[in-house]
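Visitor: Got a structure for you, written out below as structure tokens; questions coming shortly.
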Amino acid sequence: MGLKPRVFSEAEIHGNRYWIAFTVTMAAMMELLDTSIVNVAISQIMGNLGATLEEVTWVSTGYIVANVIVLPLSGWLSNHFGRRNYFMGSIVLFVVASFFCGNASSLEELVLWRIVQGLGGGGLLATAQASIHEAFPAKELAAGMAIFGLGIMVGPTLGPTVGGYITYHSAWPWIFYINLPFGVIALLLANHFLPDSKFGRRREGGVDWTGIALLAIGIGALQIMLERGERKQWFDSGEVQILAAVTVAMLVAFIWHDLRIRNPVVDLS
């Protein structure tokens with residue numbers, strides 16, 4: 001999936017360490033910006049797509065749930081595809097989904113592409129931190145993490161401001177189109193500067209689809225319960241009770257399954 005695969009020497013990685021930190025931080029900021037930028041455009045989206053407030057909340061919830069599902073899978077996906085490929089593939093998925101979010105003509109279409117966008121964006125945070133840890137020597141790691149920390153603090157803070165400016169001067173699709181140039185820049189920088197993990201790529205015998213499904217359903221149900229619980233009066237609601245039961249059942253089944261197979265998605269042993 002890399003655009004121009006090449007082997008980076010230790011000297012090149014060390015020399016490019018600040019470019020690497022800038023690249024992964026830009027991608028992480030783009031992902032975090034989209035957690036909050038939508039909130040100020042809710043009323044425009046409701047009016048344009050003819051949705052109720054209850055329905056339009058899925059635009060945010062779907063994105064967050066997809067993020068939360070992918071985060072625990074990021075380590076396995078990085079090992080399976082190679083961290084550089086996985087990072088760049090996540091950027092591509094995020095940018096393509098951003099374009100289709102802006103082009104959405106119905107609420108269902110927008111929620112679908114927001115979920116895809118969240119799946120792409122969720123892989124950027126954990127991968128970014130791992131890349132910085134390997135690019136910086138121990139004595140300079142604090143500087144690299146400070147760059148990343150600044151980005152993850154600024155990203156969510158800028159969301160409402162940028163989103164408000166865009167919706168006031170233009171239309172809500174542009175809160176998604178704004179990701180396109182930054183995503184392309186991050187992709188080109190990653191292709192030029194980002195090395196693969198120096199620990200190499202682990203070749204598994206097969207894909208643990210059962211473990212992925214159990215973890216995704218369990219984490220997804222938990223996040224939906226947390227997102228909607230307050231509005232539904234928590235356990236007074238049958239929906240929340242069902243989500244809680246699904247969460248417990250799926251996560252217990254995942255732990256049992258994970259401890260029994262040779263190449264689990266998340267190593268709990």
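Visitor: At 1.4 Å probe radius, can you tell me the per residue accessible area of region 123-170 in Å²? Mind dumping the intermediate values first?
Guide: Details: 2390 Å² over 48 residues.
Here the per-residue accessible area is 50 Å².
Visitor: Right, another one. Hey, quick one: spin label on Leu112, modelled 7 Å out along Cα-Cβ, who in region 30-73 has an amide N within reach, i.e. under 16 Å?
Guide: So the set is 59, 62-63.
Visitor: Using the Kyte-Doolittle scale, find the helices of the chain whose mean hydropathy is at least -1.0 and whose Cα atoms extend 18 Å or more along the helix's long axis, counting only whole DSSP H runs.
Guide: Helices passing the filter in the chain: 17-36, 83-102, 107-135, 141-169, 179-193, 209-228, 238-258.
Visitor: I've got another one for you. Tell me the label-point distance for the pair Ile242, Tyr18, using the 7 Å Cα-to-Cβ offset, in nm and rounded to one decimal.
Guide: Each label point lies 7 Å from its Cα, and together they span 5.5 nm.
Visitor: Which of the three applies to region 112-258, rounded, prolate or oblate, going by the alpha-carbon gyration tensor with a ≥ b ≥ c and a/c under 1.5 meaning rounded?
Guide: Numbers: a/c = 2.03, a/b = 1.18, b/c = 1.72.
Because a/c hits 1.5 or more and a/b fails to exceed b/c, region 112-258 counts as oblate.
Visitor: Contact order normalised by length for region 1-157, with contacts defined as Cα pairs under 8 Å and 6 or more residues apart; what percent is it?
Guide: Taking the mean separation of contacting Cα pairs over the length of region 1-157, I get 39 percent.
Visitor: Just subtract the alpha-carbon distance of Thr52 and Ala213 from 0.36 nm times their residue separation and send over the number in nm, one decimal.
Guide: Gain in length upon complete extension: 54.9 nm.
Visitor: How much net charge surrounds Met225 when only other residues with a Cβ under 15 Å from its Cβ are counted (Lys, Arg +1; Asp, Glu -1)?
Guide: Every neighbour counted, the sum reads -1.
Visitor: Now a separate question. Give me the number: length gained by fully extending Trp234 to Lys139, i.e. 0.36 nm times residue separation minus the C-alpha to C-alpha distance, one decimal in nm.
Guide: In short, 29.5 nm is gained.
Visitor: With contacts defined as alpha carbon pairs under 8 Å and 6 or more residues apart, what's the relative contact order of the chain in percent?
Guide: Values: 382 pairs, mean separation 79.7, N = 269.
The value is 30 percent.
Visitor: Taking square-rooted eigenvalues a ≥ b ≥ c of the alpha carbon gyration tensor, is the chain rounded, prolate or oblate, where a/c under 1.5 means rounded and, failing that, a/b exceeding b/c means prolate?
Guide: Taking the square roots of the gyration eigenvalues as a ≥ b ≥ c, the chain is oblate.
Visitor: In addition: Quick check for you: which residues of region 83-110 have the amide N under 18 Å from the point 7 Å beyond the Cα of Leu188 toward its beta carbon?
Guide: 88-89, 91-93, 95-96
Visitor: Between Asn103 and Leu226, what is 0.36 nm times their sequence separation minus the Cα-Cα distance? Round to one decimal in nm.
Guide: 41.3 nm
The values are calculated or read from the model by the stated rules, or taken from the named source; none is laboratory data. Quantities reported herein were computed from a predicted structural model and do not represent experimental measurements. Positions of Cβ are generated from backbone atoms using ideal geometry, with glycine treated the same way; all protein chains shown enter the neighbour counts. These accessible areas exclude ligands, DNA and RNA; they are computed on the full protein's heavy atoms, side chains included. Shrake-Rupley method; radii C 1.70, N 1.55, O 1.52, S 1.80 Å.
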